[in-house]
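Scroll down for the structure; my scribbles are underneath it.
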């Protein structure tokens, strides 16, 4: 069986072959690809877009052959050069099946068009859905914040409303891609509902995801965590809900004044230079205003970029993990927290209820009700038995959902089913 993956970023092995630093993102693909390459009779090739190249770059890994192709812009989806690049990869590999991960970038539609022209079978995996996410993008931000321009926003013509429009524009190509797909892989009620409304004729295959290896190796302990600490995995744009948790923090501090919030990623509030100030987005400025309003400067920490190991360590040190997003499919961050057994509170949004059973594995709350988020975090801070109950239950459930062997078996069965269809 010869499989060609089309993914959005290079895997670490490909980055190293390009003499580049591996990205901390997309790590769940590493484990999935590793398990696939261990299967007898399966050959895996992987193609990915890359900035600043004009032609295809072939790379030979230990077990995988990689193809870096020039990144495709929205106005290049149907260009001759773009189509020629992806057609040449198809010709070179001659795959039995093309597996395209994600619908949110332009190369997805281009590859689908080339597969259809060539008669090559393909399956499309749903990650996020930008056409739907665009509807939730503002996450209850005040209208004056939505319309505001910072210096950076004005120069780049990229304020919050324009960002939302860009999501919606990318969603047009996404919808076309889904409409042209006969086979789609998903994993939640939310993505199945969205897909069935766009393309009711597509055959929907269910398959859970395998997460990063480090998170299967460790277990959270209430004895060794830092009490009254909260961890969130992202906070750079509205749908990730950092503004909601800052409101919750203002309530939490009345009861637990020593509470610390850790946010993974670069310090978006950094102001060491004029350049830092000029790079502020409207959303960043709003976060800064909330930090000032609620006097949170001493209660928030940005971790900087974290690799897999350091990310795992940050989870394990935290008392509670929070996923405050306005919309998600099945966030890997929540899956990782549950694998480790970190007591979790998550918004009842998108596919999250398919992952975490409310009041069994953790707590769910209405995404735009930060007062309920604060209430549930207080419960976990106060009630050690409840935290331990959720920790144990979440680990059991996560190891079922993210079972590496079962998910690999299911994926191969899907491949075989489509190839012989």
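The values are calculated or read from the model by the stated rules, or taken from the named source; none is laboratory data. No experiment lies behind these values; they were computed from the predicted model shown. FYI the Cβ positions are ideal-geometry reconstructions off the backbone, even for glycines, and counts take in every protein chain you see.
Counting only strands (runs of 3 or more DSSP E) that sit completely within the range 209-312, those holding 2 or more residues that are in contact (Cβ under 8 Å) with a residue 24 or more places away in the chain and surrounded by fewer than 17 Cβ atoms within 10 Å (Cβ to Cβ) correspond to 300-302. With respect to the conditions (1) outside the structural domain of residue 190 (by TED's automatic domain parsing); (2) under 21 Å from the mean Cα position of the chain (by Cα), residue 408 falls short on a single one, namely (1).
Looking across the range 314-352, just one residue is without any contact (Cβ under 8 Å) to a residue 24 or more places away in the chain and surrounded by fewer than 24 Cβ atoms within 10 Å (Cβ to Cβ), and that is 348. Please find, within the range 37-79, the residue that is modelled with the lowest pLDDT out of those that are within 23 Å of the chain's Cα centre (by Cα) and exposed (fewer than 15 other Cβ atoms within 10 Å of the Cβ). Once the filter is applied, the top-ranked residue is 74. Being buried (at least 24 other Cβ atoms within 10 Å of the Cβ) and modelled with pLDDT of 95 or more is a property that residue 367 has.
At least 3 residues being in contact with a strand residue (DSSP E or B) (Cβ under 6 Å, 6 or more places away or on another chain) is the threshold, and among the helices (runs of 4 or more DSSP H) wholly inside the range 360-421 those reaching it are 370-382, 404-419. Residues of the range 389-398 that are surrounded by fewer than 16 Cβ atoms within 10 Å (Cβ to Cβ) and touching a residue at least 12 places away in the same chain (Cβ under 8 Å): 392 alone. Could you check, for the range 4-21, whether at least one of its residues is under 17 Å from residue 112 (Cα atoms) and at pLDDT below 95? Yes, that holds for at least one residue. Of the listed requirements (1) under 20 Å from residue 211 (Cα atoms); (2) modelled with pLDDT of 95 or more; (3) touching a helix residue (DSSP H, G or I) at 6+ places or on another chain (Cβ under 9 Å), residue 300 misses just one: (1).
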